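One structure is given below, encoded as structure tokens.
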Amino acid sequence: MNEIIRAIEENEMKQEVDTFAVGDTVRVHNRIKEGNRERVQVFEGTVLKRQNGGDRETFTVRKNSGGIGVEKTWPLHSPNIEKIEVVRRGKVRRAKLNYLRQRTGKRAKVKERVF
């Protein structure tokens, strides 16, 4: 049974996935349907976490909008995600950046990774 499910999931996965990591600042281009129209909305913020793996992998992005923190979680292989642009690479030492939720202003920033 697991082999059948695995085969179905492999067909649904995207062939090319944009490479990004936790701590990176990304722009997520999300396709939105409004009635019979379709448009692309951009959400820019810091990647807090990436969870699971394979077809069910998700990632969470957080931004500060008008002084209020906004988080969105997307499936990585969703057909609604047009593309993911990496704006800047972040230097972090953790897999999940949940501590950023309590921080405001400069303290909520992630240092930029220099190559």
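Every read-out reported here was derived from the displayed coordinates using simple, explicitly stated rules and does not represent laboratory data. Note that this is a predicted model, so its numbers are computed, not measured. Here the Cβ positions follow ideal geometry from the backbone for every residue, glycine too, while neighbour counts run over all protein chains shown.
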Calc'd 3J(HN,Hα), region 40-49, phi into Karplus 6.51 cos²θ - 1.76 cosθ + 1.60 (θ = phi - 60°), Hz, glycine/Pro = x, comes to 10, 10, 9, 10, 10, x, 9, 6, 7, 7
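How do 107-113, 31-37 rank on mean C-beta neighbours within 10 Å, highest first?
107-113, 31-37
Treating only the Cβ atoms of Lys and Arg (+1) and Asp and Glu (-1) as charged, compute the dipole magnitude of the chain about its Cα centre; round to the nearest 20 debye.
So the magnitude is around 1120 debye.
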Rounded to the nearest 500, the 222 nm mean residue ellipticity computed for the chain from DSSP H runs (n ≥ 4, each -39500 (n - 2.57)) alone is -3000 deg cm²/dmol
Between the Cα axis of helix 2-12 and the main Cα principal axis of the chain, the angle (0 to 90°, nearest 10) is 70
When 77, 29 are ranked with the fewest other C-beta atoms within 10 Å first, the list becomes 29, 77
Links exceeding 30 Å between C-alpha atoms in this model, out of 33/91; 33/106; 83/111; 83/109, come to 33/91; 33/106
If each K or R counts +1 and each D or E counts -1, the residues other than residue 32 whose Cβ falls under 10 Å of its Cβ total +2
Taking only the alpha carbons of the chain, the radius of gyration and the largest Cα-Cα distance, Dmax, both in angstrom, are 15.8, 51
A correct Karplus calculation of ³J(HN,Hα) over region 21-33, with 6.51 cos²θ - 1.76 cosθ + 1.60, θ = phi - 60°, whole Hz and x for Gly and Pro, returns 10, 5, x, 6, 8, 10, 10, 9, 8, 10, 7, 10, 9
